[in-house]
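The values are calculated or read from the model by the stated rules, or taken from the named source; none is laboratory data. None of the values given here were measured: they were computed from a predicted structure. Glycine also receives a Cβ, built like all others from the backbone with ideal geometry; neighbour counts cover every protein chain displayed.
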Amino acid sequence: MRILISLIFLLITTSSFAAMFDGNFIQGSFILGKTEPGSKVFIDRKKVKVTPEGYFAFGLGRNRKNDVVITINEKKIIKKVFKREYKIQRIDGLEEKKVTPPEEVYERIKRENKWIGEARAINSDLTFFKNKFAIPVDNAIISGVYGSQRILNGKPKWPHYGLDFAVDEGTKIKAMLDGVVTLAEYDLFYTGGTLIFDHGHGISTLYMHMEKILVKKGQKIKQGDIIGTVGSTGRATGAHLDVRLNWFQTRLDPATVLDIKN
Ligand SMILES: [Zn+2]
C-alpha cells in the first residue's frame, strides 16, 4: 500500500501538481499530505511543518463542517469535508452521582487535563507520522467507536473520541507507531494508567486504562514494542484498551489509520 502511495506521489510530483493526499476528507480523518520539499504549507490559517521529503500531516475534527483550505506556496486547494453519522445513546433514570463527578475532584481533573493538553501541543520535527500504524492488541473486539455520545438523564456527555478494544486484563499492548513518550501517568482520574506518544508535527497517540506501564517519559519507542498491559484503571467499566489519535488539540478517529471499519 505504502509503495503504491509513494508511486502515486512520485507521479504527481513529477507532473507538477501542488500536492497529493493519503486519507479521506471525512469528519475525524487523519490526512497525510505530500508536496515538493521546501514548500510552505498552511492548513486553514495554521502553518504546518513539512519534512525534508515534503510530507505534512493534519486532521479533521468530529464536527468539522467547513471546507479545508490547504495553501501550498500561496496556491490554495479547497477540499469539501464529508459528514458522518455518530451513534447516540440515551440513558435516563440514572443516579445523579454517576452522571457528574464529585466536586472535590474538579481541581484534579483540571490539572490532569492540562498535562494531557500540553503533551498534545508538542510540535516536534519527528517524522514517524508518515509511516503505517499497527493494531495495538491482538484478538480484541471493538467495543467502542469514535464520535459516539451518551445522553445521561437528558445531559449530553462528552463524545467518545477513542477506539475501544475489549480484551482480557493483562493483555500486552504494542506501540502502534514509532514515537517518543511525552506522558506516562499511572493514575489519572478519568483515564487511569495513561501514555501519550509524540509522532511528529503535532500527531500524538494516547493509550488509556492501562494496568501496567512499561515505558518512561522521554523514551524512544519502536512500533510493536510492548509498552504495557490492558487494564480497567480510571473510569472504565471493564478491561479494555482505549486508544486516541490527535492532530494537536483536534481529536481524530484512530480507525482512519488502523484499517478498521466503523
Ligand atoms: Zn473508550
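Every residue, every condition in (1) modelled with pLDDT of 95 or more; (2) part of a loop (DSSP other than H, G, I, E, B); (3) crowded, with 22+ Cβ neighbours inside 10 Å; (4) touching a helix residue (DSSP H, G or I) at 6+ places or on another chain (Cβ under 7 Å), yes or no:
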residue: Leu177; (1), (2), (3), (4): yes, yes, yes, yes
residue: Val181; (1), (2), (3), (4): yes, no, no, no
residue: Thr194; (1), (2), (3), (4): yes, no, yes, no
residue: Leu206; (1), (2), (3), (4): yes, no, yes, no
residue: His209; (1), (2), (3), (4): yes, no, yes, no
residue: Gly224; (1), (2), (3), (4): yes, yes, no, no
residue: Ala236; (1), (2), (3), (4): no, yes, no, no
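Given the criterion acidic (Asp, Glu) and over 29 Å from Thr51 (Cα atoms), identify the matching residue among Asp178, Asp168. Going through Asp178, Asp168 in turn, the sole match is Asp168. Can you confirm whether segment 216-227 contains a residue that is over 16 Å from Ala140 (Cα atoms), hydrophobic (A, V, I, L, M, F, W, C) and within 15 Å of the ligand (Cβ to nearest atom)? Among the residues of segment 216-227, not one is over 16 Å from Ala140 (Cα atoms), hydrophobic (A, V, I, L, M, F, W, C) and within 15 Å of the ligand (Cβ to nearest atom), which makes the answer no.
For every residue, the table says whether it meets (1) under 17 Å from the mean Cα position of the chain (by Cα); (2) over 21 Å from Ala236 (Cα atoms).
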position: Lys80; (1), (2): no, yes
position: Glu95; (1), (2): no, no
position: Pro101; (1), (2): no, no
position: Val105; (1), (2): no, no
position: Ile109; (1), (2): no, no
position: Phe128; (1), (2): yes, yes
position: Glu169; (1), (2): no, no
position: Gly179; (1), (2): yes, yes
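All told, Arg251 falls short of being within 14 Å of the ligand (Cβ to nearest atom), in a strand (DSSP E or B) and at pLDDT below 95. Are there any strands (runs of 3 or more DSSP E) wholly within segment 36-129 with 2 or more residues that are closer than 26 Å to Leu195 by Cα and among the hydrophobic types (A, V, I, L, M, F, W, C), and if so which? Here the list reads 55-59.
Do we find that Gly170 is over 30 Å from Glu85 (Cβ atoms) and either within 12 Å of the ligand (Cβ to nearest atom) or in contact with a Phe, Trp or Tyr (Cβ under 7 Å, 6 or more places away or on another chain) (or both) in this structure? Considered against the rule, which asks whether it is over 30 Å from Glu85 (Cβ atoms) and either within 12 Å of the ligand (Cβ to nearest atom) or in contact with a Phe, Trp or Tyr (Cβ under 7 Å, 6 or more places away or on another chain) (or both), Gly170 comes out as no. Of all the residues in segment 68-83, those that are among the charged types (D, E, K, R) and closer than 15 Å to Gly23 by Cα number 3.
Scan segment 124-175 for residues that are surrounded by 15 or more Cβ atoms within 10 Å (Cβ to Cβ) and of a type in the set (D, E, K, R) and the total you get is 5.
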